[in-house]
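Below is one structure; the comments refer to it alone.
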Amino acid sequence: MSIEPSAIATAVEDNFAAQIEWLTKLVGFPTLRGQESPCQDWLARDFAARGWSVDRYCLADVDMAHLSGFSPVMDTDYARAVQVVATIRSPEPRGRSLILQGHVDVVPTGPIEMWQSPPFSATVRDGRLHGRGAGDMKAGVSAMVFALAALRHLGCEPASDVYVETVTEEECTGNGALSTLARGYLADACLIPEPTGQRILRGTVGVMWFRLKLRGRPVHVSRSEEGTNAIVSAFGLIEAIRQFTKTLNERA
């Protein structure tokens, strides 16, 4: 079935008001690390209402500590880290399968007084929707869902299986995405609609976790030249890490 691009654009536009309303609700969930489950439960219900098969599970349910790419778990309870995978089955698969994945966790808001509007109350200003996580990447999640809605609006169904995944832990460990692989969700291709400035990227930077411990040598102030200050010693290490980060980003 061949469809003109203009018809797809029209279908997207027809659903755009509904998409903005949906995105506004999504931004309204304060999905800071460890607080994502109400949002994920809402998404699971939404996906089920669309007729998709839903797998809701927690990171604690998945054995993945032995996998390459697993990151150390700190300061959170994986029994509360809910992940959602919705499956749209093709009755007669004849094409290539696809994963659409987005994360719902967001970084902290910082000082609230520096926001022009409440961070978890989506506000449209100058043609842009503002709110913590609106760009990174709840708008991308809405694009995944409403792209499929636009195709259905045109009477199209996937030629092969499609998996819609909403994960957590993207802002820190990446273990949410890793869990979907450990749970067996594989496809011929994967699209992750991160805000990359309309550029299609094949990869991105990762994260490196480590801890440094520095010890000083305490002495009396009158003999300070014989001692070492751990904070002062850290200056050189911090600069070395900054330069290493710059090198990695340039390489990426």
Residue within region 100-113 that is more than 21 Å from VAL207 (Cβ to Cβ), in contact with a strand residue (DSSP E or B) (Cβ under 9 Å, 6 or more places away or on another chain), hydrophobic (A, V, I, L, M, F, W, C) and crowded, with 21+ Cβ neighbours inside 10 Å present
yes
List every residue pair whose Cβ atoms lie under 7 Å apart, where the two residues are 6 or more positions apart in sequence or sit on different chains, the first residue falls within region 187-204 and is in the same structural domain as LEU98 (by TED's automatic domain parsing), and the second residue, located anywhere, is outside any loop (DSSP other than H, G, I, E, B) and among the basic types (Lys, Arg).
none
Checking the condition acidic (Asp, Glu) and modelled with pLDDT under 95, which residue from GLU225, GLU194, GLU165, GLU239 passes?
GLU225
Out of SER90, SER121, sole residue that is assigned by TED's automatic domain parsing to the domain that holds ASP161, surrounded by 10 or more Cβ atoms within 10 Å (Cβ to Cβ), outside any strand (DSSP E or B) and touching a Gly at 6+ places or on another chain (Cβ under 8 Å):
SER121
Name, by its number, the condition in (1) of a type in the set (Val, Ile, Thr); (2) surrounded by 12 or more Cβ atoms within 10 Å (Cβ to Cβ); (3) in contact with a Leu (Cβ under 9 Å, 6 or more places away or on another chain) that does not hold for ILE231.
(2)
Candidates THR173, THR168, THR180, filtered to the one that is touching a residue at least 40 places away in the same chain (Cβ under 8 Å), in contact with a His (Cβ under 8 Å, 6 or more places away or on another chain) and hydroxyl-bearing (Ser, Thr, Tyr)
THR168
Of the residues in region 1-44, how many are free of Cβ contacts under 8 Å to residues at least 60 places away in the same chain and either outside any helix (DSSP H, G or I) or under 22 Å from TYR78 (Cβ atoms) (or both)?
9
In region 74-91, which residues are modelled with pLDDT of 95 or more and polar (S, T, N, Q)?
GLN83, THR87
State whether the residues of region 32-49 include one that is among the aliphatic types (A, V, I, L, M), under 25 Å from GLY206 (Cα atoms) and surrounded by 14 or more Cβ atoms within 10 Å (Cβ to Cβ).
yes
If the requirement is being at pLDDT below 95 and either in contact with a Leu (Cβ under 7 Å, 6 or more places away or on another chain) or over 24 Å from ARG80 (Cβ atoms) (or both), which of these qualifies: GLY155, GLY135?
GLY155
Answer with yes or no whether ALA60 is in contact with a strand residue (DSSP E or B) (Cβ under 8 Å, 6 or more places away or on another chain), assigned by TED's automatic domain parsing to the domain that holds ALA149 and modelled with pLDDT of 95 or more.
no
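Take the residues in region 186-225 that are among the polar types (S, T, N, Q) and assigned to a loop (DSSP other than H, G, I, E, B); name whichever of them is farthest from the chain's Cα centre (by Cα). Let's see the steps before the verdict.
Our first condition is that a residue be among the polar types (S, T, N, Q); within region 186-225, this holds for 196, 198, 204, 222, 224.
Still in the running and assigned to a loop (DSSP other than H, G, I, E, B): 196, 198, 204.
Details: THR196: 13, GLN198: 17, THR204: 13 Å.
The residue in question is GLN198.
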Looking only at residues in region 140-181 that are touching a helix residue (DSSP H, G or I) at 6+ places or on another chain (Cβ under 6 Å) and of a type in the set (Gly, Ala, Ser), which one is surrounded by the fewest Cβ atoms within 10 Å (Cβ to Cβ)?
ALA150
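The values are calculated or read from the model by the stated rules, or taken from the named source; none is laboratory data. All values derive from a computational prediction rather than experimental measurement. Note that each Cβ is placed from the backbone with ideal geometry, even for glycine, and that neighbours are counted across all protein chains shown.
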